[in-house]
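Report on one structure; see the data block that follows.
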Amino acid sequence: MRPTSAPRSVLASGEFGDDRLLGAGHVDVELDAASTDQKVRCVRSFTEMVAREKRVSATAIQTVGVKGHDGIAVVRVKRLIGWMHRMADSPSLDAWNNFVMLSEPSRHEIGSSKWSAAIAKRYMGGANNGGINSFLTSSWELDASKVLAALVSIGALQAAKQLDRVLRGLGMPVPSLCQDARFRLLERHWSDALDEYDALSSDADEDLMRVLKRHVLEHEAFYLALA
């Protein structure tokens, strides 16, 4: 989960953690500054993002056990951010929770607004948790062109623009595939130049939240009854 998205998934003054933080010491910038290990680079990126995030306070704790030394990060949300304030004051909080936890594309008619919203919700969660590459890899059963169409349909145009840029950069279709085939396709065609667009932009993230909140409010009765 990206530090920029985690605070709205945690209640005010709530906490979340990140395990395997120190990687047997290799994450230490001074000790291993030249490391090219992708896991090390990702954890460093995580800690740097947490350090810049003004809505949280955090600490890293070293752990020692039978596997050697490692560590965890404990991150505390300082305050409730705006959208959750509004949702908490609204009877739509239960509807929102049901939408987030229970609404999946398979539960809705293909091409409907609820189907598009379920895909957009899944895209926002996946892209925030690991990037667009991670979403495309883990959502191997979804045709990427249909994901793009769902974003456009729901009105998340900034998010659609970023995904479209990534898909154009791949230079080939990303159809529904088995998990291994999707992984191999992305491994073969994902270039270093696409790394610039991998993390969901703030504009795209806010765009998705806005349109999904509006969608849930418009279909509040449906999502309140969803079980």
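Working out 0.36 nm times the residue gap between Arg165 and Val100, then minus their Cα-Cα distance, what length gain in nm do you get to one decimal?
On the way: separation 65, 0.36 × 65 = 23.40 nm, distance 2.65 nm.
Additional length available on full extension: 20.7 nm.
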Short version: ³J(HN,Hα) in whole Hz for each residue of the stretch 205-218, in order, from phi by Karplus 6.51 cos²θ - 1.76 cosθ + 1.60 (θ = phi - 60°), x for Gly and Pro, what are they? 5, 5, 4, 4, 4, 4, 6, 6, 4, 4, 4, 5, 5, 6
Using the 10 angstrom Cβ neighbour count as an exposure proxy, how do Thr47, Thr59 rank, fewest first? Thr59, Thr47
Note: Leu157 to Arg188 extended length (0.36 nm per residue) minus current alpha-carbon separation gives 8.4 nm
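Which FRET efficiency value, to the nearest 0.05, is calculated for Ala227 and Ser176 with the Förster distance at 35 angstrom and r the Cβ-Cβ distance? If you can, show how the numbers build up before the last one.
On the way: r = 28 Å, r/R0 = 0.81.
Computed FRET efficiency for Ala227 and Ser176 comes out at 0.80.
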For the stretch 83-227, what ratio Rg/Rh do Cα atoms give with a Kirkwood hydrodynamic radius? 0.99
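What length, rounded to one decimal in nm, is gained on full extension from Arg214 through to Arg52, with 0.36 nm per residue of separation minus their alpha-carbon distance?
Numbers: separation 162, 0.36 × 162 = 58.32 nm, distance 2.95 nm.
Gain on stretching Arg214 to Arg52: 55.4 nm.
Readers should treat all values here as calculations from the given coordinates under stated rules, not as data from a laboratory. Bear in mind that the values here come from a model prediction, so they are computed numbers and not experimental data. Glycine also receives a Cβ, built like all others from the backbone with ideal geometry; neighbour counts cover every protein chain displayed.
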